[in-house]
Amino acid sequence: MTLTQLEAFVLVARLGSVKAAAGVLGVSEPAVSGALAALRQSLGDPLVVRDGQAMSLTPGGQRVVGIASQMVNLAAEASSAVRRANGAPEALRVVATATVAEFVAPPLLAAFGARTPSVEATIGVTGAGEAGALLHERLADVCLGPRLGGQSGAGLDSYPMMRYGLVVVASPDHRLAGAGAIPWSRLTGEDWLVDPSGSDASSEVGLLLARLHVPPGRVRVFGSLSAAWSAAKDGEGVAPALSHLVSRDVGRGALALLDVVGTPVQLLWHATTLPAARRPPGVSALLRFLSTPEAMQAMHRSDGSVPASRFRPPVYVTLWS
């Protein structure tokens with residue numbers, strides 16, 4: 001029995017599928033299946049079985065999952081204890097949805113690191129639907145993005161972080177540019193250009209596309225929101241955007257702000273963590289920093305840039321022991 005096997009089992013149990021667990025861990029599905037098979041053999045129980053489209057726990061799995069979760073958490077605490085004993089900076093593992101990881105988290109964490117050198121933060125990219133499992137299993141310390149709802153957010157604390165306006169942009173030559181007030185229903189048949197968070201059914205944009213009943217074939221996913229905006233400039237479709245981030249492109253005529261009824265839609269990003277008694281000290285320090293003018297200024301930078309000496313690119317592989 002290994003920590004890798006326990007992590008795989010707990011995530012499959014929490015997320016309901018091998019595919020989802022593999023996506024969170026940044027490994028292949030066969031790797032998760034292999035770890036799960038080894039744990040099953042070690043314990044002599046299937047632990048999880050397929051139930052329709054999802055996985056459900058066996059009676060033995062129901063008894064083991066809580067213990068396995070505790071062991072994964074204890075391993076994280078042991079790693080932190082060793083770092084403290086060796087005088088190393090506290091490791092703060094931040095995960096964020098794609099848009100936040102691209103524009104907001106880098107300058108925010110650079111400013112936080114300059115003020116708090118005793119904490120070393122890294123950024124990982126995750127979907128809103130998987131973030132809760134990462135936090136519960138101590139594979140991440142804090143999530144920046146939409147407030148986690150339902151089962152994903154159960155037992156977690158969320159703190160308002162940043163308010164922003166969601167707008168829709170397109171090429172200045174788009175047929176709807178300058179068309180006056182546009183009802184949302186007119187956008188259903190458009191090609192939507194989104195970043196990876198737009199393909200996440202739990203994200204703000206994912207929920208918006210679902211409400212508009214946009215066919216999957218009309219949604220094109222790009223590696224970043226910047227790439228989606230670039231395609232919009234070339235006339236390939238419409239793109240969701242953050243009003244303060246596209247104001248420069250709109251001002252110089254590279255993009256057109258569509259006059260969609262009810263926009264900008266006012267939304268709020270949150271910082272979500274474990275309850276105070278279970279969170280590392282670095283998380284509490286970051287939460288305090290979020291309320292400072294310095295943090296507000298960093299998060300609202302129109303270009304999302306950081307000093308070259310402090311640049312750390314987001315990574316899509318969150319953790320695999």
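Every number here is computed from the coordinates shown, using simple stated rules; none is lab data. Since the structure is predicted, the reported quantities are computational estimates derived from the model, not experimental observations. Because the Cβ atoms are built from the backbone with ideal geometry, glycine has one as well, and the counts that use them run over all protein chains shown.
Assorted remarks:
- Using the Cβ-Cβ distance between Ser33 and Val261 with R0 = 56 Å, the FRET efficiency computed as 1/(1 + (r/R0)^6) comes to roughly 0.70.
- Shape of the range 9-132, Cα gyration tensor, a/c cut at 1.5: oblate
- Estimated FRET transfer efficiency when R0 is 35 angstrom, pair Ala91-Ile67 (beta carbons, to 0.05): 0.90
- Annotation: peptides 268-279, 192-203, 234-245, ranked by per-residue average of other Cβ atoms within 10 Å with the highest first, follow the order 192-203, 234-245, 268-279.
- Modelled label reach - Ser226, point 7 Å along Cα→Cβ, the range 97-128 residues with backbone N closer than 19 Å: 97-111, 123-126
- Calculated from the structure at hand, log10 I(q)/I(0) by the Debye sum over Cα atoms at q = 0.10, 0.11 Å⁻¹ is found among [x] -0.63, -0.75; [y] -0.49, -0.60; [z] -0.55, -0.67 as [x].
- Measuring r between the beta carbons of Lys19 and Tyr159 and using R0 = 30 Å, the FRET efficiency lands at 0.45.
- Residues Leu148, Leu286, ranked from the fewest to the most other C-beta atoms within 10 Å, line up as Leu148, Leu286.
- Listed residues Gly262, Gly87, Gly178, most fluctuating in the chain (Gaussian network, C-alpha, under 10 Å): Gly87
- In this label model, Ala78 and Thr188 are separated by 5.6 nm, measuring between points 7 Å along each Cα→Cβ vector.
- Positive-pole candidate from His174, Gly262, Pro215, dipole of the range 163-266, charges at beta carbon: Gly262
- Gln41 versus Thr292: modelled label distance in nm, points set 7 Å from Cα along the beta carbon direction: 5.2
- Inter-centroid distance (Cα atoms) of the range 253-295 relative to the range 52-119, Å: 19
- Counted charge near Leu193, where neighbours are those whose Cβ lies closer than 12 Å (Asp, Glu -1; Lys, Arg +1): -2
- Least to most buried among Arg93, Arg220 (fewest other Cβ within 10 Å first): Arg220, Arg93
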